[in-house]
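The values are calculated or read from the model by the stated rules, or taken from the named source; none is laboratory data. Just so it is clear, the model here is predicted, and its values are computed rather than measured. Every residue, glycine as well, gets a Cβ built from its backbone with ideal geometry; the counts of neighbours run over all protein chains shown.
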Amino acid sequence: MNIAIVGPGAIGSLWAIKLKTAGHNVSLWSTSSEKILALQLGDQPAQQFSNRNLSEIKHADLILVTVKAWQVEQALSPLIAHIHHDTILVLMHNGMGTAESLQSLLPKNPLVLATTTHGAFKPSKQSVVHTGKGQTQLGGYNQSGSQCSFLESVFNHALPDTHWNPKIDHALWIKLAINCAINPLTAINQITNGQLTSQPYPAVISQVLDEVYLILRAEQIAISRDELGQTVDHVIAATAKNHSSMQQDIFHHRPSEIDFITGYLLQCAKSHGISLPKNLELYQAIKQIEQSWNL
Ligand code: PAF
């Protein structure tokens, strides 16, 4: 397939290398103005990719968008006029709420949503490290996207385990719940994920999840409160040494994904007439930190 990766950060670069190794024609669209970019996974030989080539965008069968949620519209708007209406768009990022706006920008295109637990790290512009093997789930957002289940074998062949999930919204909501519990707390307190098991955090996480659970129920996401707690505990244990993405964004004074994680949850809560005071407090704390950089 002709595949373009928009936003070759750590996860995008990992997929770029894996999909190219699997035999696809992969190009990149990054902010760098260089026409050719080299990427190297671990100690494997570097691979060369065409970058910012509009002809590759025009002929893409699939565009994998791996920028952060708040960058999706900004990254795709200069490309919209060049994307063929049959090109499949796959969104892969933390948080929710971008599919709605992308659907209105490209109403005819098949839209697929993805969530992954693979860990990747980019120590330099050219090198990528696969820090943790995980799972990827894909599922259709619109009707034509729902007909793209063949992508399971395309993605799984390149980087297992990948599954097609006809109820992708379920997987995305669970990932959102995990991010609501881990990301703001680790960012505000500048701690690792594992430090969330020390006092006073377990009680705060419990409060956050009690509130998230109200929205999961309102959205008819089938999971018990116990299972939700166990899922979050499992992710904290599995990523104990990691710094969450929001911890890193706040540390480096980069805009965080808070509007698409806790912000998205609060918007849904509002539409259901439910108040979530603990999540609101964490949302406001992150916003306050971000605003303090501009003072
Ligand atoms: O955003 C992150 O950092 C990750 O989604 C997760 C699962 C919280 C692990 O750090």
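Summary of computed values
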quantity	calculated
Filtered residues of the stretch 237-251 (kept if at pLDDT 95 or above and near the ligand (Cβ under 9 Å from one of its atoms))	M246, Q247
N183, sole failed condition from (1) under 16 Å from M96 (Cβ atoms); (2) not aliphatic (A, V, I, L, M); (3) not assigned by TED's automatic domain parsing to the domain that holds P277	(3)
Any chance L172 is modelled with pLDDT of 95 or more, within 16 Å of the ligand (Cβ to nearest atom), on the phi < 0 side of the Ramachandran plot and among the hydrophobic types (A, V, I, L, M, F, W, C)	yes
The listed residue being charged (D, E, K, R) and touching a helix residue (DSSP H, G or I) at 6+ places or on another chain (Cβ under 7 Å), out of K68, K35, K58	K58
Residue within the stretch 94-108 that is acidic (D, E), more than 16 Å from the ligand (Cβ to nearest atom) and more than 30 Å from A203 (Cβ to Cβ) present	yes
Some residue of the stretch 224-233 being under 21 Å from T136 (Cβ atoms), within 15 Å of the ligand (Cβ to nearest atom) and not charged (D, E, K, R)	yes
The stretch 249-274 - residue that is within 15 Å of the chain's Cα centre (by Cα) and among the polar types (S, T, N, Q) and, of those, nearest to L214 (Cα to Cα)	T262
K241 under 21 Å from T117 (Cβ atoms) and exposed (fewer than 15 other Cβ atoms within 10 Å of the Cβ)	yes
